[in-house]
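The values are calculated or read from the model by the stated rules, or taken from the named source; none is laboratory data. The shown structure was predicted, so the numbers you read here are calculated from the model rather than taken from an experiment. Cβ atoms come from the backbone with ideal geometry, glycine included; neighbour counts cover every protein chain shown. All accessible areas refer to the heavy atoms of the entire protein, side chains included, with ligands and DNA or RNA removed. Shrake-Rupley method; radii C 1.70, N 1.55, O 1.52, S 1.80 Å.
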Amino acid sequence: MSCQSSSADVKNSDNRSVHSDGIEEVHNVPMHVIVRPIPPVLDEQKVESLMNTIKESADINVVPPIDVLWIKGREGGNYYYSFGGCHRFAAYQRLKMTTIPAKIIKSNVSDLSTYLGASTPDLR
């Protein structure tokens, strides 16, 4: 899976996700709790551009939030998975940010298995 889009996507305030279009609330999610099981294919220029935008602006709305799937395990554990937003995630990670703006999408193991197939973990 590749995370590729044009640089216009970063600056487009109408940039929306089909998963989170109806979700308005943005949370600052701790980076360390987000599981990203698919290695990204990054455009380094895009990551650098995002890093500069994040550093230069105090307004968190300049860079759209990532989508994070929130899944409750069978024993009540909380799991947070993200598949898109790889350039944004990399930019925040390289800037050593502890949180990232995200829209939380309540999901389930069945949805997760759509992405991971037989590699879907047993979430407790």
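For the reader, a short list of remarks on this structure follows.
- Check on residue 9, outside any loop (DSSP other than H, G, I, E, B), surrounded by fewer than 14 Cβ atoms within 10 Å (Cβ to Cβ) and modelled with pLDDT under 90: yes
- Matching residues in the stretch 64-90 - criterion: being more than 19 Å from residue 121 (Cβ to Cβ) and either part of a loop (DSSP other than H, G, I, E, B) or at pLDDT below 95 (or both): 64, 65, 84, 85
- Some residue of the stretch 91-98 being open to solvent by less than 40 Å² (accessible area, probe 1.4 Å), under 19 Å from residue 38 (Cβ atoms), part of a helix (DSSP H, G or I) and out of contact with any strand residue (DSSP E or B) (no Cβ under 6 Å at 6 or more places or on another chain): yes
- Residue selected from the stretch 18-37 under the condition assigned to a loop (DSSP other than H, G, I, E, B) and either over 20 Å from residue 99 (Cα atoms) or open to solvent by 80 Å² or more (accessible area, probe 1.4 Å) (or both), by the criterion modelled with the lowest pLDDT: 18
- Inter-residue pairs, beta-carbon under 8 Å, first touching a residue at least 60 places away in the same chain (Cβ under 8 Å) and in the stretch 65-86, second open to solvent by 30 Å² or more (accessible area, probe 1.4 Å) and in a strand (DSSP E or B), 6+ apart: 83/67; 84/67; 85/67
- Of all residues in the stretch 48-60, at least one satisfies being modelled with pLDDT under 95 and within 18 Å of residue 21 (Cα to Cα).
- So residue 67, is it open to solvent by less than 60 Å² (accessible area, probe 1.4 Å) and either within 18 Å of residue 20 (Cα to Cα) or of a type in the set (A, V, I, L, M, F, W, C) (or both): yes
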